[in-house]
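Encoded as structure tokens, the structure appears first; notes follow it.
The values are calculated or read from the model by the stated rules, or taken from the named source; none is laboratory data. Predicted, not measured: the structure shown is a model, and the values here were computed from it. Backbone-built Cβ (ideal geometry, glycine too); neighbour counts: all protein chains shown.
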Amino acid sequence: MSSVPILLRRIAARESTSVTCPRPIRIPRSRIVKRPDALRSAVDLAVGMQGGGPGGVLVLIDADTDPPCSLGPELQSRVSAHRPDRRVRVALAVAEYEAWFLAAARSLAGARGLPADLMPPAEPESIRDAKGWLSQRMTPVEPSGYSPTIHQPSFTSRFSLDEALNTRSFRKLYKEARRLLTRPGG
């Protein structure tokens, strides 16, 4: 997910700090959720990529249909028990990363085939197919609709963090990212 470093750099800039993001580690969500060893291995790999530095690790996954209020703490408990020596924080997007784009739809209006008068849905995190919501609104300029590979980095660079902060899951991500960026003991 090449968008996560973009998002973390934007949050860091907003917090008047900087961040170095190694290449994100992409593990299928089902493995992270169902196989504790996969989550442990991913965290160990991320720590190893830091070369022994004092950095932290952010685990970011889509909640999909799982309740984030139970899955998030469960995953946080697993990583905290496995790596008490490192700052590892977990955040979940409800139901998917693209829900944050829906919350910030005004800031994406006119971008990449989206209409100039794009408005957010009343409850962006209740949309179970945010990618489809975006695709349905794209003009023929983007004939194949929304593609995470193509559009996610561009939208991540552009969407309003302030508007996305209207969603609980983005506030949680922002809080966890901020903890990693600004608190050495985080």
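Brief remarks on what is shown
For (1) of a type in the set (Lys, Arg); (2) in contact (Cβ under 8 Å) with a residue 40 or more places away in the chain; (3) in contact with a helix residue (DSSP H, G or I) (Cβ under 6 Å, 6 or more places away or on another chain), each residue gets a yes or a no:
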| residue | (1), (2), (3) |
| --- | --- |
| 76 | no, no, no |
| 82 | no, yes, yes |
| 86 | yes, yes, yes |
| 93 | no, yes, yes |
| 96 | no, no, yes |
| 117 | no, no, no |
| 120 | no, yes, yes |
| 145 | no, no, yes |
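- Of all residues in segment 61-73, those that are outside the structural domain of residue 128 (by TED's automatic domain parsing) have Cβ atoms under 6 Å from Cβ atoms of residues that are of a type in the set (Gly, Ala, Ser), 6 or more apart or on another chain, in 62/93; 63/95; 64/95.
- Helices (runs of 4 or more DSSP H) wholly inside segment 75-186 that include at least 2 residues being touching a strand residue (DSSP E or B) at 6+ places or on another chain (Cβ under 6 Å), in the same structural domain as residue 41 (by TED's automatic domain parsing) and not basic (Lys, Arg): 168-182
- Within segment 139-171, considering residues that are of a type in the set (A, V, I, L, M) and modelled with pLDDT of 95 or more, the one nearest to residue 104 (Cα to Cα): 164
- First in segment 5-25 and assigned by TED's automatic domain parsing to the domain that holds residue 55, second anywhere and assigned to a helix (DSSP H, G or I) and charged (D, E, K, R), Cβ under 8 Å, 6 or more apart: 11/178; 15/178; 18/9; 19/9; 21/9
- Residues being closer than 24 Å to residue 149 by Cβ and over 16 Å from the mean Cα position of the chain (by Cα) - total across segment 17-32: 3
Okay, residues lined up against (1) within 24 Å of residue 157 (Cα to Cα); (2) out of contact with any His (no Cβ under 7 Å at 6 or more places or on another chain); (3) of a type in the set (A, V, I, L, M, F, W, C):
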{"position": "7", "(1), (2), (3)": "yes, yes, yes"}
{"position": "31", "(1), (2), (3)": "no, yes, no"}
{"position": "35", "(1), (2), (3)": "no, yes, no"}
{"position": "53", "(1), (2), (3)": "no, yes, no"}
{"position": "67", "(1), (2), (3)": "no, yes, no"}
{"position": "73", "(1), (2), (3)": "no, yes, no"}
{"position": "79", "(1), (2), (3)": "no, yes, yes"}
{"position": "89", "(1), (2), (3)": "yes, yes, no"}
{"position": "94", "(1), (2), (3)": "yes, yes, yes"}
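- Checking residue 81 against (1) among the small types (Gly, Ala, Ser); (2) over 13 Å from residue 173 (Cβ atoms); (3) at pLDDT below 95, the condition it does not meet: (3)
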